[in-house]
Amino acid sequence: MGKAVLVTGVARQLGGRFVHRVQRDPDVDRVIAVDAEAPGHDLGEALFVRADIRQPTIGRLLAEYDVDTVVHLDVTGTPLGAGGRTAVKETNVIGTMQLLGACQKSPSVQRLVVKSTTSVYGSAPRDPAVFTEATPPKSLPGGGFAKDAAEVEGYVRGFARRRPDVAVCVLRFANILGPAADTPFAEYLSLPVLPTVFGYDPRLQFVHEDDVIDVLRIASREPRRATLNSGTFNIAGDGVLTLSQCSRRLGRPTMPVLLPAVRWVGSALRTVGATDFSTEQIRLLTHGRVVSTVQMRETLGFEPAYTTVEAFADFARSRGRGLLPPTVLGRAVDRIADRVAQPGPGRGAGGTGATTTHSGG
Amino acid sequence: MADAKVIPFDEDRPRPGGQRSARRRGGPGPGRRPAGEPAEHPAPVSALPGAEVGDPGADSGAASEPPAVAGEWERRIAGGLAFLRRRITGEYEVDEFGYDEELTDQVLMSLLRPLYDRYFRVEVKDIENIPAEGGALVVANHSGTLPLDGLMLQVAVHDNHPAGRHLRLLAADLVFMLPVVNELARKAGHTLACAEDAERLLQRGEVVGVMPEGFKGIGKPFGERYKLQRFGRGGFVSTALRAGVPIVPCSIVGAEEIYPMVGNARTLARLLGFPYFPLTPTFPWLGPLGLLPLPTKWTIQFGEPIPTDGFSPEAAEDPMLMFNLTDQVREQIQHTLYKLLVQRRSVFF
């Protein structure tokens, strides 16, 4: 008998794409796609069940379809459609509790994959520069999505203790970017002018959507030889970009705001509906966060196709030109270089070139 | 002013003066190469990529060769524009600690160099005690109210080391809480003084600089100058041991007198959240003018490396061994400090 996979959170881009992907697996017989909202996109052959994971109906679904793999993607930071932060939190935390309760009762479930986030590490000035999976957070996330994810992980750990026969995989994703990304950070990067925290240049890491789908697939099936896919793994592309590099590569000017005033700017942006500027996101924009991906490579056996820089470049291409496109700026500098080079040694020497050198820093 | 009671140790040979600037910014002249140093590090230029561009202060032989000079200028401008282009389009790289090598080499070091060369006239001794490759932990004394000694140490290694090594300093968490300061510190390659970061850097084969006295050293009163404080809990030794890298003791003379701290406004410090609030003969009284350090003459001496690769991995868990090694490092630094103080003619020259 083949596998029956239940996926939650399919009304989102990521869930929808994963459902498509997992159907193509030869050893998967049936895909049950669950969400409280009807998805706007096509789910292919998958069986869509409109169910709220906060309700106990989810247990009946597990029994009815003899589900053996549960992929829980409904842990998200932004509300889908209507509903505010409260509804998101309920779905994240209560939904996970219900789902785990149902899994615990179900004898057929053998594998559980949970989407989490690297923001469970928080970000504080006293943190080490690079987080490994074992780094305890110095300051627990005080609220928002990060706190939800930390609580979800806590419940998942409890479940793993009570059902040691179930392989549990928690994937902590860095900021997910890509042409279709709808995460709060992608929204932030799409603002015409990026508000930044004055005096801080956070280090950021990104993971490409395609890599997210690939790693979810690795986690949701039998581990390949010499790899182990149960446990907690950081998932991020190689390398680091600072926020200043991001803004320059996107061609979007930054507006440094003093730390106390950032909250006002954040709430103003939230009011106009531009982006969700949560406390947790402000902390990310202040201190940044970098995770170690050694476990992802060596234990999980996953090599991301995109580095942080490549994932960002793919995202930047999809977002169109900013106010100060890097190509235009680059050409302007090239023109100056040409003009300096042409008239020969007599002209253009001296202060101008030397001073511009330093203004770049 | 009299320099405390010191016991003369005279076996150290005074090096000829003027050697200090011979090798700065990796110029082609391999001026002072000590006899003991292996010759397979040719011109250190290669390790300072682009150090020749964007450095308007560099002294090129002016009128002797006009065409060459013109070419030199053109090359420099082209290099500067290429640098500018990379900066404004964001096409440069930082490592996972946020270290921006290009910015450090071309801008930050150039900004610090006048202070290093002209103001404090830093004299560097035995830089080759830092190995040319592989990890090493440089352990230095800490003083001077503001951590200028760390920055000068970084310039000293950057400008003088024959293999062009970069020093990665470990800094207190206060540095990473302050705006602007934290941004510059990260870009200059500093990171938080914690075992995880130190170990990660050492395993990557970097030269890591640490000042284990911490705030106790930098914020000690002027009367206690050149008296080493407790070396933390010896965490730096176990980190070096785990990574199997040598410990290079380093003594810095001259930094103690830049801001003579005669008092400490504890209440104000507590109010502002700082570990101390210095009162110097000039500081709060003359306003910003009080921030000007005294132009003391500095000497930075690197001592013989203490190897740690002979110990077994579990030795890092042995507290007695840790204390002994910590004391050995501490005594070596203290000893060298006394020697340098005896040799010093005056605080300012």
Q: Return the loop-located trypsin sites (Lys or Arg not before Pro) in segment B:124-222 (DSSP other than H, G, I, E, B) with at most 14 other Cβ atoms within 10 Å of their own Cβ; answer none if there are none.
A: B:R204
Q: Might you report the magnitude of the Cβ-based charge dipole of chain A about its Cα centre, with Lys and Arg at +1 and Asp and Glu at -1, to the nearest 20 debye?
A: 860
Q. What are the ³J(HN,Hα) values, in whole Hz, obtained from phi via the Karplus relation 6.51 cos²θ - 1.76 cosθ + 1.60 with θ = phi - 60°, for each residue of segment B:124-133 in sequence order, with x given for Gly and Pro?
A. 10, 10, 6, 4, 6, 5, 7, x, 5, 9
(Q) Restricting to Cα pairs below 8 Å that are 6+ residues apart, what does the relative contact order work out to for segment A:1-110? Please round to a whole percent. (A) 29
**Q.** HN-Hα J in Hz across segment A:159-166 - Karplus 6.51, -1.76, 1.60, θ = phi - 60°, x for Gly and Pro
**A.** 4, 4, 5, 7, 10, x, 7, 8
Q.
Loop only by DSSP, 15 or fewer other Cβ within 10 Å of the Cβ. Give me the trypsin sites (Lys or Arg not before Pro) in segment A:128-235 that pass, ordered by residue number.
A. A:K138, A:R224, A:R225
Q: Putting +1 on Lys and Arg Cβ atoms and -1 on Asp and Glu Cβ atoms, find which of A:F312, B:P281, B:L325 reaches farthest to the positive end of the dipole of the protein assembly as shown.
A: B:P281
Q) For B:T336, A:T132, what ranking results if the residue with the fewest other Cβ atoms within 10 Å of its Cβ goes first? A) A:T132, B:T336
Q.
Positive end of the dipole of chain A, charges at C-beta (+1 Lys, Arg; -1 Asp, Glu), about the Cα centre: which of A:Q55, A:G142, A:T254 has its Cα farthest in that direction?
A. A:T254
Q: Determine, for B:F323, A:F312, B:F277, the number of other Cβ atoms within 10 Å of each Cβ, and report the residues in order from fewest to most.
A: B:F323, B:F277, A:F312
**Q.** Amide H contacts of A:T196 (H built 1.01 Å from N, under 5 Å, at least 5 apart or other chain)
**A.** A:M255, A:V257
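Could you work out the local net charge near A:A236, counting Lys and Arg as +1, Asp and Glu as -1, over the other residues with Cβ closer than 13 Å to its Cβ?
Summing Lys and Arg as +1 and Asp and Glu as -1 gives -2.
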Q: Check cross-link reach from B:K339 to the aspartates and glutamates: straight Cα distance under 13 Å, and skip same-chain residues fewer than eight apart.
A: B:D3, B:D10, B:E11, B:D12, B:E331
Q) How high is the relative contact order of chain A, given as a whole-number percent (alpha carbon pairs under 8 Å, six or more residues apart)? A) 16
(Q) Only four residue types carry charge here, +1 at the Cβ of Lys and Arg and -1 at the Cβ of Asp and Glu. Report the dipole size of the protein assembly as shown about the Cα centre in Debye, rounded to the nearest 20. (A) 1540
Q. In what order do A:V309, B:V107 fall by count of nearby beta-carbon atoms within 10 Å, going from fewest to most?
A. A:V309, B:V107
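Read the figures in this text as sums done on the coordinates, not as results from a lab. Keep in mind that this is a model prediction, so the values were computed, not measured. Positions of Cβ are backbone-derived with ideal geometry, glycine not excepted, and every protein chain shown enters the neighbour counts.
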